[in-house]
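My structure is below; once you've seen it, I'll send some questions.
No value in this document is a laboratory result; all are computed from the given coordinates. Bear in mind that the values here come from a model prediction, so they are computed numbers and not experimental data. Positions of Cβ are generated from backbone atoms using ideal geometry, with glycine treated the same way; all protein chains shown enter the neighbour counts.
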Amino acid sequence: MTGPVQSKSPTTAAFFAQAAVSFAISSVTVIVGIVFLPVDEWVRAFLALGMLYTISSAFTLAKCVRDRQEEAYVASRVDRARVDKLIAEHDPFKIDAG
C-alpha cells in the first residue's frame with residue numbers, strides 16, 4: 001500500500017502569488033460589500049464576524065489537511081524503510097541451524 005502522492009517540487013512563486021492575490025481580492029470585495037450594504041450596523045457587524053469566522057475556519061481546515069497529508073507521507077516512508085531493511089537483511093541462501 002502506498003501513501004499519498006507528494007509533489008517533488010515546491011509551490012512556485014507564481015502560484016503562491018496568484019493564491020494570495022485571489023484571497024486578498026475576494027476578502028476586500030466582501031468587506032466593501034458589507035460596508036456599503038444598506039442595512040443597520042448590527043447586521044453589518046454580524047456579517048463581518050461571520051466573514052472572519054469563515055476565513056479563520058478555512059485556514060484551520062487547510063492546516064489540518066496539510067498536517068494529515070504530511071503525517072501519512074512520513075508514516076509511508078517509515079514503512080518503506082522497514083521493508084527495505086528487511087529485504088536487505090534477507091539472505092535466501094542462508095541455512096538455519098535448527
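Filter the chymotrypsin sites (Phe, Trp or Tyr not before Pro) in segment 48-98 down to the DSSP loop ones having no more than 10 other Cβ atoms within 10 Å, then list what survives.
On the way: sites: Y53, F59, Y73, F93; in loops: F93.
Passing sites in segment 48-98 are F93.
May I pose another question? Between A48 and T29, 0.36 nm times their residue separation minus their Cα-Cα distance comes to what?
That pair, A48 and T29, stretches by 5.6 nm at full extension.
Counting only trypsin sites (Lys or Arg not before Pro) that are in a DSSP loop and have at most 16 other C-beta atoms within 10 Å, tell me the longest site-free stretch of the chain.
With a cap of 16 other Cβ atoms within 10 Å, the longest stretch comes to 9-93.
If I fit a long axis through the Cα atoms of helix 13-35 and take the longest principal axis of the Cα atoms of the chain, what angle between them do I get, 0 to 90°, rounded to 10?
Here the helix axis deviates by roughly 30 degrees.
If you don't mind, another one. Which angle between 0 and 90 degrees, to the nearest 10, do you get for helix 41-89 versus the longest principal axis of the chain when only C-alpha atoms count?
10
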